[in-house]
């Protein structure tokens, strides 16, 4: 029987960083569900679909073949057999993913793939609704969060390091608006599962967050 860890939380909380490090430390497979939604969003943008055209989003998602493969220890996201790792981390794709992920046909397709991955192996999966919808029976559920200002600062510094022009206030406003969309969407809204452990990383280092979650996982494995 596989062992599954679900990490949910709002944008910029550090879910992907922690999930990736946790999987490596515990010898598990990391499944970046957000990357899959971003790949779908990229596909829609490349098809010229607007952010308001939800009918087209639902209609075209069946044409996108999205898979995750591990090559030389790195997770590669493929969109119709094309490596799109370098294309799915832009703000435009992020915004489109936040909107398109609310569409029922989009979620149905990607959730099916995510569930299939979890049945086959020990996984750490992060996203917005992993513990509540995708893996409701996960062995460990973490709700990782941080204040909007802290999350905006992290994103601002990340973009600056990449040499991209950005404004802190706009980034924070985008995060606040995305939180609202994620938490109020009709399909699988972002919320803390009843049996999830809340971890607020606002005043914690990555190492401290890791120590906290590794201890939680160890306790669960020992039945504590």
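Of note:
- Residue satisfying condition, being at pLDDT 90 or above, surrounded by fewer than 19 Cβ atoms within 10 Å (Cβ to Cβ) and over 16 Å from residue 98 (Cα atoms), within set 50, 59, 73: 59
- Index of the failed condition, residue 211 passing every other in (1) part of a helix (DSSP H, G or I); (2) at pLDDT 90 or above; (3) under 24 Å from residue 95 (Cα atoms): (3)
- Yes/no for residue 138 being exposed (fewer than 13 other Cβ atoms within 10 Å of the Cβ) and touching a strand residue (DSSP E or B) at 6+ places or on another chain (Cβ under 6 Å): no
- Search result, residues across segment 167-190 that are part of a loop (DSSP other than H, G, I, E, B) and either crowded, with 16+ Cβ neighbours inside 10 Å or free of Cβ contacts under 8 Å to residues at least 12 places away in the same chain (or both): 167, 185, 188, 190
- The set of residues in segment 1-42 being surrounded by fewer than 22 Cβ atoms within 10 Å (Cβ to Cβ) and over 15 Å from the mean Cα position of the chain (by Cα) consists of 1, 2, 3, 24, 25, 26, 27, 28.
- Any chance residue 153 is in contact (Cβ under 8 Å) with a residue 24 or more places away in the chain, in a helix (DSSP H, G or I) and surrounded by 14 or more Cβ atoms within 10 Å (Cβ to Cβ): no
- Filtered by the rule that a residue be farther than 21 Å from residue 65 by Cα, crowded, with 24+ Cβ neighbours inside 10 Å and modelled with pLDDT under 90, segment 99-128 gives a lone residue, 128.
- The requirement of being at pLDDT 95 or above and either more than 26 Å from residue 186 (Cβ to Cβ) or buried (at least 16 other Cβ atoms within 10 Å of the Cβ) (or both) is satisfied by residue 145.
- Scanning segment 1-55 for residues that are assigned to a loop (DSSP other than H, G, I, E, B) and more than 28 Å from residue 212 (Cα to Cα) yields 47, 48, 49, 50, 51, 52, 53.
The values are calculated or read from the model by the stated rules, or taken from the named source; none is laboratory data. Being a predicted model, the structure only gives us computed values, none of them experimental. All Cβ positions, glycine included, derive from the backbone under ideal geometry; neighbour counts span all protein chains shown.
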